[in-house]
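Read the structure below first, then the notes.
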């Protein structure tokens, strides 16, 4: 097995949460670049929202169930609970024995997975089209008859702790999102991340799982989205049969999120043994994902830090060779948002120099805005993103459900690009000044530990000839 | 979680499937340009995007002693041509919202364009320019060299990478598949623009290449556009390179790559395997799927679901053009490292000693056959598959007949395949981790050698 490690691979783990978030908000569909995604949507009497998209081009069907609960709904002394619960939802139900959910889906020629974010927990199953009923059976069982046994809880406690190590603790820069959330979202339920803290997972009692299930895993807190080779009228009947009998739950509690704007810049120094190169992250609070400014700020950060023609790449990576990599990450959630810029420095570059260069670029864009060409480039990149966003049935099902749940408009799957097109050049300068403020910045440093530098810095003087 | 009154349908049993509609692997068009350059086209008009990829059928195995020569060469394709400097290329391609990138693998190298189909002409101009008129500027080579040196350093703090590199080194020995995949400081510093130019001239010729196209375009249109741009590219004589074959392992050995302070060990267990075009490849693929190829595989169910040692465990036959390897993988917490190796070996023994049950084989066959269609949804995914046929010399009907061949396998086929290609008594056990925390627990598996990140022995 050859491990072709590239920086992108290292960053992947770091960037995964950001990538997921920006993929979601990029999921527009260019009005002039693709066929519209047709769909029907309705509520069952128990409150379950249903979205159906029929497309017969490939004989597969994607099922996507979104529960409107994530880590921000957790108690501060139970961080990681929603994600842990997601693992337990693969254990079994009253009618499906422990470990068999996965076996049924694999044995039917399908695959499945789930993920937990700050605002949502989602479950997806992809199957050959003739196995649609299997997905409906499993997802309705999960919503109706979820069952959590002690043996499953104990095993998944261990698995989740290993997941945290793989993704965060044993990974260079793996804790970036955790640091950002703790600082930019301080005092709110966004201040911890979905993976949470291992110690809290140990504290959870069996009765808490019951309560969580009854509170959040109810039809009135869920969206069922199906896309692919299905017949809409027939599918409606099946959905009624499988999901109709599930009782509506109580109204779902929603946490209040009050973000306090910072009055002075913050500096955080992260000391971790496995930090091979210095990294700095500048982050600011930003708009919620549904605000028009979210589109503008996403485009601005893209102009600053995405691609080889971006300002930061040209300045930090190419021209001065101070950095090995730069990234921009817009991170907009349901009730709060942030925007950040990351630079990983070349060996031996003082971290303060990276900060200076990043800040100079920020000041520049605040003073002078962006060029017309940069603006047009950003629009073009959004158009490409929109054209590629709905390739697979799974993406269609997912985008439809997310737009419904968080934007109240599933049809954004077809029209979101328009929200980017509404952003003007002046908006980009305006949001730079509004959000990327001197007093509002959080600076996070990953410094290279002195004792942990076994590899000598590459010698720049030795040029072959 | 509470019992419900009886429902309309029987919830106690899984529903039975409806009649299945047969999924065909899509067809594609092949055409040869006037200079002998082959073009493979898969039309899929669902999204308004197009992918065009030039494959050169030589990669890092032709590096010689200058490891990363292929990677540097292809990295430079998009960093300067006779009419554009690196910045101009980046500006033009980003402005289109398109992507143009190049890179080298072990056996081949690629230059890839993806763009909205309405920008096809401008995208192809840049694609052609990078492929046919690169200048390999000195300044850009220095830039890539520094980037590569830094990436090399970064990789040494990644436990998974350390273990993977050490595993390849042990299994492939002096064969180029065992070379450090990011090179060495010495090799990176030794590469010159003359090396790069010579390398590209020697291997990047149309008789050692093909172009794959997928997406929103019709075959006639793209053939005409490619003919106009690539017809003047002359053929050449590709140097032939011979390698010594590595020797199969004779007894189990343990290599521990030291990583102070690691909270997990990254563990591989395995040995030499088969090349990609091996006639038994599909049998091997199915056998491995059952052992460690998917979530419901034996290794994952044992190490993750039964024991909670890891977030995920698996195995794979990594099959290249000339050779391949077999390896299990898992990242486990320090204190269960030896237990995880013991369970891994037990699973290798079990699959070579006992026939699998019919139901277990049926499940895995259904999984492979069903997900095969799901994997063919998008144009780039289909393009990748078709390209494998060309790269590894597979039969043209490889994917058309793939599912029938999987469906025909018996439990006896699986046992025979496992016995022939998996050898639990002579494996390389290669891991990275904190030697202080785990070192002594490994002695029971074989002789333990402790190494640093570069493969030097430490004790």
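The values are calculated or read from the model by the stated rules, or taken from the named source; none is laboratory data. Owing to the predicted nature of the structure, the values given are computational and were not obtained by experimental measurement. Neighbour counts run over all protein chains shown; Cβ positions are idealised from the backbone, glycine included.
Quick look at the values:
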quantity	calculated
Residues located in the range A:321-346, provided they are touching a helix residue (DSSP H, G or I) at 6+ places or on another chain (Cβ under 7 Å) and within 12 Å of chain B (Cβ to nearest Cβ)	A:321, A:322, A:323, A:324, A:325, A:345, A:346
Residue list for the range B:90-108, restricted to those being more than 7 Å from chain A (Cβ to nearest Cβ) and over 21 Å from residue A:305 (Cα atoms)	B:103, B:104, B:105, B:107, B:108
Which listed residue is under 30 Å from residue A:129 (Cβ atoms) and either crowded, with 16+ Cβ neighbours inside 10 Å or not assigned by TED's automatic domain parsing to the domain that holds residue A:336 (or both), from A:409, A:390, A:419	A:390
Per-region count, the range B:131-170, residues over 30 Å from residue A:314 (Cβ atoms) and out of contact with any helix residue (DSSP H, G or I) (no Cβ under 7 Å at 6 or more places or on another chain)	9
Condition met for residue B:144 (in a helix (DSSP H, G or I) and within 10 Å of chain A (Cβ to nearest Cβ))	no
Residue B:387 under 30 Å from residue B:321 (Cβ atoms), crowded, with 18+ Cβ neighbours inside 10 Å and more than 14 Å from every other protein chain (Cβ to nearest Cβ)	yes
Complete set of residues in the range B:33-53 that are surrounded by fewer than 21 Cβ atoms within 10 Å (Cβ to Cβ), in contact with a helix residue (DSSP H, G or I) (Cβ under 7 Å, 6 or more places away or on another chain) and over 30 Å from residue A:390 (Cα atoms)	B:33, B:34, B:35, B:36
Residues of the range B:111-127 classified as farther than 15 Å from residue B:225 by Cβ and surrounded by fewer than 19 Cβ atoms within 10 Å (Cβ to Cβ), total	1
Test for residue A:160: is it more than 24 Å from residue A:250 (Cα to Cα), assigned by TED's automatic domain parsing to the domain that holds residue A:201 and surrounded by 21 or more Cβ atoms within 10 Å (Cβ to Cβ)	yes
Cβ pairs under 9 Å, 6+ apart, first in the range B:385-411 and under 15 Å from residue B:287 (Cβ atoms), second in a loop (DSSP other than H, G, I, E, B)	B:411/B:355; B:411/B:356; B:411/B:357
Selected residue [within 14 Å of another protein chain (Cβ to nearest Cβ), modelled with pLDDT of 95 or more and over 25 Å from residue B:48 (Cβ atoms)] from A:431, A:448, A:443, A:370	A:370
Any chance residue A:106 is assigned by TED's automatic domain parsing to the domain that holds residue A:151, outside any strand (DSSP E or B) and either touching a helix residue (DSSP H, G or I) at 6+ places or on another chain (Cβ under 8 Å) or closer than 18 Å to residue A:210 by Cα (or both)	yes
Residue match in the range B:61-80 (condition: touching a residue at least 12 places away in the same chain (Cβ under 8 Å), loosely packed, with under 15 Cβ neighbours inside 10 Å, part of a loop (DSSP other than H, G, I, E, B) and within 11 Å of another protein chain (Cβ to nearest Cβ))	no
Residue in the range B:408-427 that is crowded, with 19+ Cβ neighbours inside 10 Å, within 30 Å of residue B:59 (Cβ to Cβ) and modelled with pLDDT under 95 present	no
Residue A:163 vs. criteria within 14 Å of chain B (Cβ to nearest Cβ), farther than 21 Å from residue B:335 by Cβ, in contact with a strand residue (DSSP E or B) (Cβ under 9 Å, 6 or more places away or on another chain) and assigned to a helix (DSSP H, G or I)	no
Residue A:154 away from every other protein chain (no Cβ under 14 Å) and without any contact (Cβ under 8 Å) to a residue 24 or more places away in the chain	no
Selected residue (only one of A:90, A:18, A:32, A:84 is within 14 Å of chain B (Cβ to nearest Cβ), under 30 Å from residue B:216 (Cα atoms) and modelled with pLDDT under 95)	A:32
Matching entry among A:172, A:189 (being outside any helix (DSSP H, G or I), modelled with pLDDT of 95 or more and either on the phi > 0 side of the Ramachandran plot or not assigned by TED's automatic domain parsing to the domain that holds residue A:395 (or both))	A:189
Filter result for the condition that a residue is over 20 Å from the mean Cα position of the chain (by Cα) and within 11 Å of chain A (Cβ to nearest Cβ), over B:346, B:313, B:353, B:340	B:340
Options A:217, A:200; residue that is within 11 Å of another protein chain (Cβ to nearest Cβ), buried (at least 18 other Cβ atoms within 10 Å of the Cβ) and either in contact with a helix residue (DSSP H, G or I) (Cβ under 9 Å, 6 or more places away or on another chain) or under 12 Å from residue A:78 (Cβ atoms) (or both)	A:217
Residues that are within 14 Å of chain B (Cβ to nearest Cβ), in contact with a helix residue (DSSP H, G or I) (Cβ under 6 Å, 6 or more places away or on another chain) and assigned to a helix (DSSP H, G or I), drawn from the range A:373-409	A:374, A:375, A:377, A:378, A:382, A:385, A:386, A:399
Residue in the range A:407-418 that is free of Cβ contacts under 8 Å to residues at least 60 places away in the same chain, farther than 27 Å from residue A:283 by Cα and in contact with a strand residue (DSSP E or B) (Cβ under 6 Å, 6 or more places away or on another chain) present	no
Residue A:252 being surrounded by 14 or more Cβ atoms within 10 Å (Cβ to Cβ), under 25 Å from the mean Cα position of the chain (by Cα), assigned to a loop (DSSP other than H, G, I, E, B) and at pLDDT 95 or above	yes
Condition met for residue A:465 (touching a helix residue (DSSP H, G or I) at 6+ places or on another chain (Cβ under 8 Å), outside any helix (DSSP H, G or I) and at pLDDT below 95)	no
